[in-house]
Amino acid sequence: MTWNPYLWLIPVLPLAGAAINGFFGRRASKRAISAVALIFCGAAFALALWIAATFSSAAAPYSFTLAHWIRSGTFSADFNFYLDQLSLVMLLVVTGVGFLIHIYSVGYMWDDDGYYRFMAYLNLFMFFMLTLVLAKNYLLMFIGWEGVGLASYLLIGFWFVKDSAASAGKKAFIVNRIGDFGFLIALFLIIKHFGSLDFTTVFQAVTPMAKETSGAGLLTAIGILLMVGAAGKSAQIPLYVWLPDAMEGPTPVSALIHAATMVTAGVYMVARSHVIFEHAPMALMVVAIIGTLTALFAATIGIAQTDIKKVLAYSTVSQLGYMFMACGVAAFSAGIFHLMTHAFFKGLLFLAAGSVIHGVGGEQDMRKMGGLRVYMPWTFLTMSIATFAIAGFPPLAGFFSKDEILWRAYSSEYGSWVYWLLGVTTAFITSFYMFRLWFMTFFGDYRGAEAHGQGDLRHGAHSARTGVSAPHNHGHEPHESPWVMLGPLAILAVLSFVGGWIGIHHHFENFLSPVFQPQAVVGTKLIAPNAEEFAQIVRMERLELLFTAISVAAGLLGLYLAYLLYYRLPQLPARIAQGLGGLYRAVANKYYVDELYALLFVKPVVDGSTEILWHGVDQGVIDATVNNSADSARHVSDNLRHMQSGNLRSYAGWIAAGGALVIAYMVWMGVR
């Protein structure tokens, strides 16, 4: 196929924007910085739309080799991109939602001294994320995988002078490295046994293999190790702890990385590797169990959070659990469907939360909000749509994708009524804590006139330099955000409303069927069901309608309970919390998981590493060798020290420059 020779431009365009702003943004005007960031990201989105318009589902997947890359014996890995139905969906989600968040960031981050750095980092993230979803082999996917980890570190710790932000960035980076270790071992096993990391080659080798139903074998080991990597990137038990702390980054970062794109990389990787998982039922079961438990566990924590962004953070962890539940019962299309709708309504929720924070002068504590629907009507309207969508109310987007997951969790060959029951319970809790946020933020009287909480740093040079929270609106009424921020909210609100309609009559599932069910598109003769089979179909359809009604009822129950506690009887929650005592404190403190990890892992490792470094390295190596060669080292360091500035901005610039040179070289080689 030669219908689209420009696929490689989609990731290269944001990389070019990152390099330009990274190198020249310090001396450029903010209008020029904005233009560069938006033009290059917008061009990638426009090209993705053109590719989608010319895409033919009946055609074979499109592959474009940019350049030959690695050759070692019989092993080879090329720098090549791959486009099929699955990567096309991810391409549109990443570029579309990413472009809207870029627009929003212009208004939200305009007053920050590090504005050019922020826009460069956003573009750099887009490059790595697009490389991840377009990769044709696991090695190139891993390059994008690690790249989004780097970009996430830079964006989470954007206000690096603030200790909590710097610590959150390091925590995200380290926890993700734990998951990446499992991913790497899986890749080594694939190379060892299949001699390639190319998706097509590996999956063709796996397809004729028998399912490992009698125990754990090679494919089970690979599948579980891949899930370890996915658990790190997509914040699943036990590696979920980094994502809530990542809310220390600016709100557009929360929307882009921790709601719509990066955290879904693990779901995408599992779905892309579906051939391996379908041949390893035990690995599928591990995925389903981890996803289901994560969905329920994170939802319970969200009940007691008072920081508006922390509520949405634990909601993200919970919704990602839904996606893994779907993948774990081999309903990969349902998982990707929820990935797409979640990008719409969760991206909208984070951006609307940022609009609220902007309007009240940096406050994030919901207890110091209230009554904001009067002051911020457009933010209220758009956030209401997203809240009803995530709660699963028809006909909004979340209803269709969540209902599909719950039904498949029960009816799939790998499903169970236990998955369904825990999923419905999670749906009830989700509705409750989201409407709790809704009522506390927008209803009642405004409680923020004397607020003194920590806010999202986004106001001016003082906050950027010192890390002190932004000034609050003492003596000033809350205000609506500018239209450069409200425009993306309006678009995402429309998508959150109608985005699920594509799932009606299984249109979305049929679109993805060439990826997940290739045998379904082979010209086979359809046979009409007999009377018994037809009766069974009717029974299952009625049962599905019953389950849908139960799911909607769970959402309504959550709404009613939140209305009762946070609107009609606002004094009652405090009494209930006092009555629950230690149980409430445990939930409010996130079950003390962070403290447990610090006690079991962080402190022993840090203390042990310090002692080893002191006795083994400092005394045994440095004193014995380095001190004797100080003169020669001094001469070398004088020549090299100017490259090691200790400035993250400088390092990011070198990374972007190196990436641009590598891409340019590969393009040149490909043209030759």
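The values are calculated or read from the model by the stated rules, or taken from the named source; none is laboratory data. Bear in mind the structure is a predicted one, so any value in this text is a computation, not a measurement. In this analysis, Cβ positions are derived from the backbone assuming ideal geometry, glycine residues included, and neighbour counts consider all displayed protein chains. Just the protein is used for accessible areas: all its heavy atoms, side chains included, with ligands, DNA and RNA removed. Shrake-Rupley method; radii C 1.70, N 1.55, O 1.52, S 1.80 Å.
What to note about this one:
- Hey, THR131 in contact with a strand residue (DSSP E or B) (Cβ under 9 Å, 6 or more places away or on another chain) and hydroxyl-bearing (Ser, Thr, Tyr) or not: yes
- Residues in region 150-199 that are more than 20 Å from GLU248 (Cα to Cα), among the aliphatic types (A, V, I, L, M) and out of contact with any Leu (no Cβ under 8 Å at 6 or more places or on another chain): 1 in all.
- When the residues of region 582-605 are filtered to those that are over 21 Å from LYS368 (Cβ atoms), surrounded by 13 or more Cβ atoms within 10 Å (Cβ to Cβ) and among the small types (Gly, Ala, Ser), the one that is modelled with the lowest pLDDT is ALA598.
- Selected residue (only one of LEU564, LEU559 is touching a Ser or Thr at 6+ places or on another chain (Cβ under 8 Å), assigned to a helix (DSSP H, G or I), over 16 Å from ARG408 (Cα atoms) and open to solvent by less than 60 Å² (accessible area, probe 1.4 Å)): LEU559
- Residue within region 230-237 that is open to solvent by 10 Å² or more (accessible area, probe 1.4 Å), closer than 24 Å to PHE79 by Cβ, β-branched (Val, Ile, Thr) and touching a residue at least 60 places away in the same chain (Cβ under 8 Å) present: no
- For THR213, the conditions (1) over 18 Å from VAL133 (Cα atoms); (2) in a helix (DSSP H, G or I); (3) of a type in the set (S, T, N, Q) are fulfilled apart from (2).
Yes/no matrix, rows are residues, columns are (1) under 25 Å from GLY147 (Cα atoms); (2) in contact with a Pro (Cβ under 6 Å, 6 or more places away or on another chain); (3) of a type in the set (Val, Ile, Thr):
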position	(1), (2), (3)
PRO281	no, no, no
VAL286	no, no, yes
MET323	yes, no, no
LEU349	no, no, no
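- Residue that is modelled with pLDDT of 95 or more and open to solvent by less than 40 Å² (accessible area, probe 1.4 Å), where the choices are ALA67, ALA44, ALA77: ALA44
- Hey, VAL494 modelled with pLDDT of 90 or more, touching a Pro at 6+ places or on another chain (Cβ under 9 Å), within 30 Å of THR387 (Cβ to Cβ) and surrounded by fewer than 17 Cβ atoms within 10 Å (Cβ to Cβ) or not: no
- Of the candidates VAL311, VAL263, the single residue that is out of contact with any Ser or Thr (no Cβ under 9 Å at 6 or more places or on another chain) and open to solvent by less than 10 Å² (accessible area, probe 1.4 Å) is VAL311.
- Leading residue by the ranking (farthest from the chain's Cα centre (by Cα)) among those in region 169-183 that are buried (at least 16 other Cβ atoms within 10 Å of the Cβ) and more than 12 Å from ILE257 (Cβ to Cβ): GLY182
- Picking from residues in region 567-581 that are open to solvent by less than 40 Å² (accessible area, probe 1.4 Å) and small (Gly, Ala, Ser), the one that is nearest to SER431 (Cα to Cα) is ALA577.
- Residue check, LEU13 under 28 Å from the mean Cα position of the chain (by Cα) and modelled with pLDDT under 90: no
- Hits in region 14-35 - residues which are assigned to a helix (DSSP H, G or I), more than 23 Å from VAL133 (Cβ to Cβ) and open to solvent by 30 Å² or more (accessible area, probe 1.4 Å): ILE20, PHE23, PHE24, ARG26, ARG27, LYS30, ARG31, ALA32, ALA35
- Being part of a helix (DSSP H, G or I) and open to solvent by 10 Å² or more (accessible area, probe 1.4 Å) holds for only one residue in LEU226, LEU293, and it is LEU293.
- Residues of region 150-167 satisfying the condition of being touching a residue at least 60 places away in the same chain (Cβ under 8 Å), buried (at least 20 other Cβ atoms within 10 Å of the Cβ) and touching a Phe, Trp or Tyr at 6+ places or on another chain (Cβ under 8 Å): ALA151, SER152, LEU154, LEU155, PHE158, ALA165
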